[in-house]
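Asker: If you scroll down you'll find the structure; I have some questions about it.
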Amino acid sequence: MLPHPTLTSRYATAEAKPEYVNRLFDKGAAHYDAVVDWGFLHTGAWYRRRALRQHGLRPGHQLLDVACGTGLVAAEAAAILGKAGDITCLDPSEGMMAVARAKLAARFVVGRAERIPAPDGSFDFITMGYALRHVTSLDETFREFRRVLRPGGRLLILEITKPAGSVPAFFFRLYFARIYPSLAFVFTRSDDARDMMRYSWETMDACVRPESVLGALSDAGLNQAARSVSLGIFSEYSAVKAGAAA
């Protein structure tokens, strides 16, 4: 299952998507943290740490942060775990990971969610922050998540979801399609930063609905697939691999 239809205005085929997305985030990496920080009113770090704690991340866990980007989720996970050495950060963008490497002494691996270069049952916890829309297949991604999780291991996917109602959807579009990309350019003077935010909106607008994500999680063999929502747009998808935790 595709997370959204092929965006032909950006890339010609689904097969061309990974290269396009890598190039987009490589070019915008230097501006990403600042744009995300003020774009969400400096609440991002607090929200990420709260979500990690609420969904069961604890000291002693081996964590895989998939599509780690600039390490925003991993940094909050390190604060909970007490050290970054128990975190493996995975991302296909060298530009984004260069920013993350400057923040924390985690293990960094270049790779994609659909083909995780790790043995079966390697991790107690998997996170993915605001990158589900950038994979090429939900089914392949979720099967890989199940494979590399240990029995009893947990998954947390953070996403931004377009609201269903017409009035909330109007204001959602106004901010993410128009205001946010424009401000990204005003504050950074970077066309790359603006384009990165425009693309983010396009993928949010086209993304499959939450029930499809939950169905794909269950179809991949993950248990207790659920979604909790904050402020109507911040989705927290969670699931568990069957079996008793060590």
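Asker: Taking ALA79, is it free of Cβ contacts under 8 Å to residues at least 60 places away in the same chain and more than 22 Å from ILE116 (Cα to Cα)?
Answerer: Values: free of Cβ contacts under 8 Å to residues at least 60 places away in the same chain: yes; more than 22 Å from ILE116 (Cα to Cα): yes.
Yes: the conditions hold for ALA79.
Asker: Then there is this: Looking only at the range 187-246, filter to residues that are of a type in the set (D, E, K, R) and touching a Ser or Thr at 6+ places or on another chain (Cβ under 6 Å); which one of those is nearest to LEU158 (Cα to Cα)?
Answerer: In the first step, residues of the range 187-246 are kept if they are of a type in the set (D, E, K, R); the result is 189, 191-192, 194-195, 198, 202, 205, 209, 211, 219, 227, 236, 241.
Narrowing further to those that are touching a Ser or Thr at 6+ places or on another chain (Cβ under 6 Å): 227, 236.
Values: ARG227: 10, GLU236: 5 Å.
Across the range 187-246, the extreme among qualifying residues is GLU236.
Asker: In addition: Provide a single number: the residues in the range 204-246 that are crowded, with 19+ Cβ neighbours inside 10 Å and assigned to a helix (DSSP H, G or I).
Answerer: Summing the residues that are crowded, with 19+ Cβ neighbours inside 10 Å and assigned to a helix (DSSP H, G or I) in the range 204-246 gives 4.
Asker: Of all residues in the range 38-64 being modelled with pLDDT of 95 or more, part of a helix (DSSP H, G or I) and of a type outside the set (A, V, I, L, M), which is surrounded by the most Cβ atoms within 10 Å (Cβ to Cβ)?
Answerer: Looking at the filtered set, the residue picked out is ARG48.
Asker: Any residue in the range 29-49 that is in contact (Cβ under 8 Å) with a residue 24 or more places away in the chain sitting within a Cβ distance under 8 Å of a residue that is among the charged types (D, E, K, R) and part of a helix (DSSP H, G or I)? List the pairs, counting only those 6 or more apart or interchain.
Answerer: Every condition considered, the pairs that remain are HIS31/ASP192; GLY44/ASP37; ALA45/GLU76; ARG48/GLU76; ARG49/GLU76.
Asker: Could you run through the range 87-102 and say how many residues are of a type in the set (D, E, K, R) and either touching a helix residue (DSSP H, G or I) at 6+ places or on another chain (Cβ under 8 Å) or under 15 Å from MET196 (Cβ atoms) (or both)? Break it down stepwise before answering.
Answerer: Start the filter on the range 87-102 by keeping residues that are of a type in the set (D, E, K, R), which leaves 91, 94, 101.
Next cut, either touching a helix residue (DSSP H, G or I) at 6+ places or on another chain (Cβ under 8 Å) or under 15 Å from MET196 (Cβ atoms) (or both) only: 91, 94.
So the answer is 2.
Asker: Something else about it: Just to be sure I understand, how many residues within the range 1-24 are surrounded by 13 or more Cβ atoms within 10 Å (Cβ to Cβ) and hydroxyl-bearing (Ser, Thr, Tyr)?
Answerer: Residues meeting the conditions: 3.
Asker: Name the one entry in ASP91, ASP124, ASP120 that is farther than 17 Å from ALA78 by Cβ and either touching a Cys at 6+ places or on another chain (Cβ under 8 Å) or of a type in the set (Asp, Glu) (or both). Outline the logic, then answer.
Answerer: Details: ASP91 fails: farther than 17 Å from ALA78 by Cβ; ASP124 fails: farther than 17 Å from ALA78 by Cβ.
On inspection, the qualifying residue turns out to be ASP120.
Asker: Can you report the number of residues in the range 46-95 which are touching a Phe, Trp or Tyr at 6+ places or on another chain (Cβ under 7 Å) and closer than 17 Å to LEU149 by Cα?
Answerer: Qualifying residue count for the region: 6.
Asker: Kindly indicate whether ASP192 is among the acidic types (Asp, Glu) and surrounded by 15 or more Cβ atoms within 10 Å (Cβ to Cβ). Explain how you work it out, then say what you get.
Answerer: Working: among the acidic types (Asp, Glu): yes; surrounded by 15 or more Cβ atoms within 10 Å (Cβ to Cβ): yes.
For ASP192, the condition - among the acidic types (Asp, Glu) and surrounded by 15 or more Cβ atoms within 10 Å (Cβ to Cβ) - is met.
Asker: Quick check, is TYR199 assigned to a helix (DSSP H, G or I) and surrounded by fewer than 16 Cβ atoms within 10 Å (Cβ to Cβ)?
Answerer: Numbers: assigned to a helix (DSSP H, G or I): yes; surrounded by fewer than 16 Cβ atoms within 10 Å (Cβ to Cβ): no.
For TYR199, the condition - assigned to a helix (DSSP H, G or I) and surrounded by fewer than 16 Cβ atoms within 10 Å (Cβ to Cβ) - is not met.
Asker: Take the range 1-34 and flag every residue that is part of a loop (DSSP other than H, G, I, E, B), closer than 22 Å to ARG209 by Cα and hydrophobic (A, V, I, L, M, F, W, C).
Answerer: If the condition is that a residue be part of a loop (DSSP other than H, G, I, E, B), closer than 22 Å to ARG209 by Cα and hydrophobic (A, V, I, L, M, F, W, C), then MET1, LEU2, LEU7 are the ones that fit.
Asker: Exactly one condition in (1) within 27 Å of CYS207 (Cβ to Cβ); (2) touching a residue at least 24 places away in the same chain (Cβ under 8 Å) is false for ALA98; which is it?
Answerer: The number of the failed condition is (1).
The values are calculated or read from the model by the stated rules, or taken from the named source; none is laboratory data. These figures come from a predicted structure and were not determined experimentally. Positions of Cβ are backbone-derived with ideal geometry, glycine not excepted, and every protein chain shown enters the neighbour counts.
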